[in-house]
Amino acid sequence: MTIDKPVKSISRQTITNLAIWGIVPLVIGVLLSLLIPRPKIGIIYLNDAIYAYTSHNIQQELAVARDSNDVKAIVLVINSPGGTVTDTESLYREVTALRKTKPVVTVIEGMAASGGYYLACATDLIYAKASSEVGNIGVIGTQPDKPSVFEDIYSTGPYKMWGMPRDSFSRELEMLKQGFLQAVKVGRGDRLKMTNEMILRGEVYTGGDAMRLGLIDGLASQSEAIDQAASLAGLRHYQTLDLFTAAGLTTQQLSMPVGFFKQDASGNVTSFPAKTGNYLLYIPGLGEAQ
Amino acid sequence: MKRNLWILAIACLLLPLIVTYTWFYSGMPRTVSAPMPDYSNIDFPRPTLSTEIPDAKPPARTTVNVVLDLQHQNMYSVSEIDPLIRAIESFGGSIQTTSEQTNLESSLKSADVYICITPILRFNQLEITQITNFVKRGGKLVVFTDPTRNASATLPPVSDTGGGGAALNTMLSGTDNANLILEPFDISFSDDYLYNMTENEGNFRNLIINELTDDALTIGIKQLVIYGGHSVHSGGVQLVKTGKNTYSSAGEVDETYSIADLVKSGSGSVLAIGDLSLVTSQYVRSSDNQVFTQNLAKFITSTPRQKTLVDFPVVFTGAVVMQPAGKMEVNGDLVSAASSLETYLQLPSGGLTITQKADGTADRILVTTLSETDATREIFKSLKINLAPKLDAEKDVTPTPTASSTLGPTPTPASGMSVTGEGSGVESTLAAGENETSAGPDTIEMPYFGQIKTKDLGLVGLTHTGGKTTLVIMAATPANAQAFIRNLATGGLNGCIVHDDLAACKVTDFTVPPQG
């Protein structure tokens, strides 16, 4: 004799329970997951000398990167011969501060010389191409004119017009140089394989040499550098974000009366700064133009 | 049951979050609180400046004539080497600068020292020879170059196809042209700059020098600072040398380099210094630089050059006495001739006095006939002039000079003039009371010329005794001597043969005093 067991059917109660205790939390979970920041790697491009205009723009972009919850890491793409001392130091400090919360990686395109490399030293990692020009660590400046007086110009002190005695000039330059040297040593740490004398010779190295000397961490493309930044930030999937656009900047953002570089009589841009002063700048062929 | 539902709910809630998070994130970010350079403690002290050494009181009379080259586009200004100028003047030096119009040969005749600083314009071969001979005659040559003193130039375009090309901008260095005048003495500057990355004075190109060779130029110096220097190479004394870790931009080799070399050449000397900053107002107070400047000024003004006949007419520097000797008498003709000579010799007005007897306290012009007297004996001896040579009786007494003669043709003497003496064996001393137009010996013997007829012969000699200079003007007769003085006062030693300190010339254009 067989006894048929009654077939249990999914009752309405079960379905209700599944909906309340399963699907609703799932949907809530999905909605909550939308609040998880979609990570982005912020890209900052420096394709110019470092001076007031470019420094202002980059500081704006760094501000966006700092304040944005989405931006988890920053990649600096540098192709710069350097620039003014103060603007370079200003960016250096901003990047160093940002690095406390978000990793920053540099990838050098054509050149990161002098101030460009100074800025790169503030980042976690530095990458370049084999043919990139890296280094030129040092300061360059024009000695002030000999102090003199004029019939129709009065000032209230002997160096009001000239800034400093001529023999103080080289000392000031040496102090700036020491600051640069310290920035390199602090930034590169044990990775650096150069003596102080070697560093301060001011040589420009190609990417391969720079890697062997510890000035950079490796040879990499921009996308590889971005991957490295993502790795430092603990990211698996991400998007990139051009911070220049994100900051709402345009090329006409600031109306600068003159560019950084001097123009010759024909209107061609030279490699010399338009104004005299102290610079963290690589100026090839300067001696011939004197 | 209830519990299971809660577990289900929590799981469903967390699942999308976990999936989303793990999709985008692999771990925690790695950030670093990076240290900053210690900017506030970076300092570079200024060096202590040395105490200024006051200039010595200049002597009443300058004794050394220094010629400063300014005719080769020299890359400096006289005002910036004021410390050196003042030191030279305080030690009795007189500074004379050249210009584009200056005749270098004339300048060097009066010079004791020639200073050339960073020349950009090329020295021509004649100038190089003149400077070389100046040093061999006892002159001092001081040459400065400096790697910071360059000039840019635009060379014209050159094209092999003749189709034109781009102009070439280049840097002109003073070393090339400085080396032209140093090459005869085997000295050269490298076209480099020296630097030291570890021990320097405020910058890698400012060298601190502690290695100095004992010499009058380095007395009292413990340390010098060079603000940009060329290296110098020579076979002479390396006075100022670099220490360890010094490199040359030319070779990038760590070795000892010289920045100042001293070479003796003949009676003169050459000092090559690869840095100008040592003696400039801006840097002279650094370390012992001003001691070096003072020593350099002493070296420059140490002793006046002993002049030679090549320097004629500039053989005297102060007042001179003219002493007639032999058969010379003080008369109107002699005074007239002396006056013209005074001007030609560039003596100061009133600088020439005529005296019968010189006391040896002043420079002297001795005008004499070819006759041996107390006043002339030693002179002829020192000039090795033999007034009574042993003539070969079979040979014509026509002299065969050892050097080719540039003497002109013999003029026809005025009538009544007796200008030739007897043949061999003519007495060299005329008896007192003889006719004043009587000639001395017919033939004499002297170095470089051998035996030479005295007719129409004028001789000039230069001797130095006891620090005094004697210019000896000699001729066969008083009339010839007076005419010869006028020749010298107009044409100098042109047309004469000059050997060392003896010159042989032809007396021309003389007038013969009336007979009887």
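Quick note: the coordinates plus some simple rules give every number you see, no bench work behind them. Please read all numbers here as calculations on a predicted model, not as lab measurements. Virtual Cβ from ideal backbone geometry, glycine too; neighbours counted across all protein chains shown.
Determine the percent antiparallel among the DSSP beta bridges restricted to the protein assembly as shown, to the nearest 5.
Of all bridge pairs located within the protein assembly as shown, approximately 50 percent are antiparallel.
Which order do B:382, A:221 fall in if you start with the one that has the fewest other Cβ atoms within 10 Å?
A:221, B:382
In deg cm²/dmol, rounded to 500, what helix-only [θ] at 222 nm does chain A give when every DSSP H run of at least 4 residues adds -39500 (n - 2.57) and the total is split over its residues?
Helix contribution divided over all residues of chain A: -10500 deg cm²/dmol.
Principal axis lengths of the protein assembly as shown from Cα atoms, whole Å, largest first?
192, 61, 50
Can you spot the lysines whose alpha carbon is less than 26 Å from residue B:390's alpha carbon? Ignore those fewer than 8 places along the same chain.
B:327, B:381, B:453, B:455, B:506
With point charges of +1 on the Cβ of Lys and Arg and -1 on the Cβ of Asp and Glu, referenced to the Cα centre of region A:30-74, which listed residue (A:49, A:32, A:60) lies farthest in the positive direction of the dipole?
A:32
So what does log10 I(q)/I(0) come out to for region A:87-164 at q = 0.27 Å⁻¹, using the Debye formula with one equal point on every Cα and no solvent?
Debye intensities relative to I(0), on a log10 scale: -1.23.
By count of other Cβ within 10 Å, fewest leading, how are B:327, A:100 ordered?
Ordered from fewest to most neighbouring Cβ atoms within 10 Å, B:327, A:100 come out as A:100, B:327.
Around residue A:228, under 10 Å between beta carbons, what's the net of Lys plus Arg minus Asp minus Glu among the other residues?
-4
Run the reach check for residue B:140 against lysines, Cα to Cα strictly under 27 Å, same-chain hits fewer than 8 apart removed. What comes back?
By straight Cα distance, residue B:140 reaches B:57, B:109, B:222, B:241, B:264, B:298, B:307, B:468.
If you place +1 on the Cβ of every Lys and Arg, -1 on the Cβ of every Asp and Glu, and leave all else neutral, what size is the dipole of the protein assembly as shown about its Cα centre, to the nearest 20 Debye?
4160 debye
Kindly express, to the nearest 10 degrees and within the range 0 to 90, the angle between helix A:166-188's C-alpha long axis and the longest C-alpha principal axis of chain A.
On a 0 to 90 degree scale, this one is about 20.
Would you list B:488, A:249 from fewest to most Cβ contacts within 10 Å?
A:249, B:488
For region A:65-104, build the charge dipole from Cβ charges (+1 Lys, Arg; -1 Asp, Glu) around the Cα centre, then report which of A:79, A:90, A:69 sits farthest towards its positive end.
The listed residue farthest towards the positive side: A:69.
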